[in-house]
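What follows is a short report on a single structure.
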Amino acid sequence: MSLPKTLAEDVARNLVMVARLIDEDPEEAYAYARIALRLASRVAAVREAAGFAAYATQKYAEALAEFRAARRMTGSVDLWPVMADCERGLGRPERAMAMAGEPEVQKLDKAGQVEMRLVAAGARRDMGQIDAAIVTLQSPELASNSVQSWTPRLRYAYADALLEAGREDEAREWFGKALEADKDGSTDASDRLAELDGVEFVDVLGDDDPNGADGADEVAPRDEDASGVRDDEDDVRDDADLDGQDDDEDDDQDGSVKA
């Protein structure tokens, strides 16, 4: 539906803020989405944005309601995978699995079908069916050497499932493949590989020293410097004694320096 120009501009500004903040500050993005929803609840794009904002803040029931509303308005199946994932978030993996077998999945584009496969594998894992999750992820897209937008996440999910199944060598291989494809750093495959290889990253600045000795390497030189300053001050006081210039007030000051 069309909106009056001023109202449309207000809605657009709020949707821009949702898109800008949803990754770095999902709660703030959610607040903007609620404003847009109050202004234009009959606009499919607004319902979809509100759904993603609710999804990002783990308000899965609300997200599912918004996605369903957007789908009714547009007739599109594009939101089918994220709707299924909301079912997982609500503790209903069996419903997500049922959605993975619906005809709507065949209407999805390749990216949507891969996303549905990821959701279905996650639902299998939710139900404790780790071997079935591994089989679910095995697909031509996983085996392909071609790198697509979904490739890092698909390889990562497969590696993670293998690791849960105790197949560590294979998991290491697939985390490595995920890292090769992940040019944008969308996964933490490098960290997972480091964990498997027993590599521990140490904060060289000593801000979070596990032994409670923050900046310990810097303490000794500072003490030596401080000792040198005290020696110089002692020499000054010795000279002052020889000159007969000490008085009671000076003695008090000397005492404070020594402390």
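The values are calculated or read from the model by the stated rules, or taken from the named source; none is laboratory data. Being a predicted model, the structure only gives us computed values, none of them experimental. Using ideal geometry, Cβ is built from the backbone for each residue, glycine included, and neighbour counts are taken over all protein chains shown. All accessible areas refer to the heavy atoms of the entire protein, side chains included, with ligands and DNA or RNA removed. Shrake-Rupley method; radii C 1.70, N 1.55, O 1.52, S 1.80 Å.
Computed over all pairs of different Cα atoms, the Kirkwood value for the hydrodynamic radius of the stretch 51-134 is 12.7 Å. Rolling a 1.4 Å probe across the protein heavy atoms gives the stretch 112-187 an accessible surface of 49 Å² per residue. Tally Lys/Arg at +1 and Asp/Glu at -1 over every other residue whose Cβ is under 9 Å from the Cβ of Tyr55; what's the total? Residues close to Tyr55 contribute a combined charge of -2. Evaluated at q = 0.17 Å⁻¹, the base-10 log of the normalised Debye intensity for the stretch 89-193, with identical point scatterers placed on the Cα atoms, takes the values -0.78.
By the scheme Lys and Arg +1, Asp and Glu -1, what is the net charge of all other residues having a beta-carbon under 15 Å from that of Gln113? For residues surrounding Gln113, the net value is -3. With R₀ set to 30 Å, the beta-carbon distance separating Asp184 from Val135 gives a calculated FRET efficiency near 0.60. Rolling a 1.4 angstrom probe over the stretch 99-163 with all protein chains present gives an accessible area of which 48% lies on carbon and sulfur atoms.
Farthest towards the positive end of the charge dipole of the stretch 80-199, among the residues Met127, Pro103, Tyr158, is the Cα of Pro103, using unit charges on the Cβ of Lys, Arg, Asp and Glu. Each pair of Cα atoms in the stretch 1-158 enters the Kirkwood radius, and Stokes-Einstein at 4 °C and 1.567 mPa s then converts it into a translational diffusion coefficient of 78 µm²/s.
Computed over protein heavy atoms with a 1.4 angstrom probe, the accessible surface ordering of Asp78, Asp160, Asp188, largest first, is Asp78, Asp188, Asp160.
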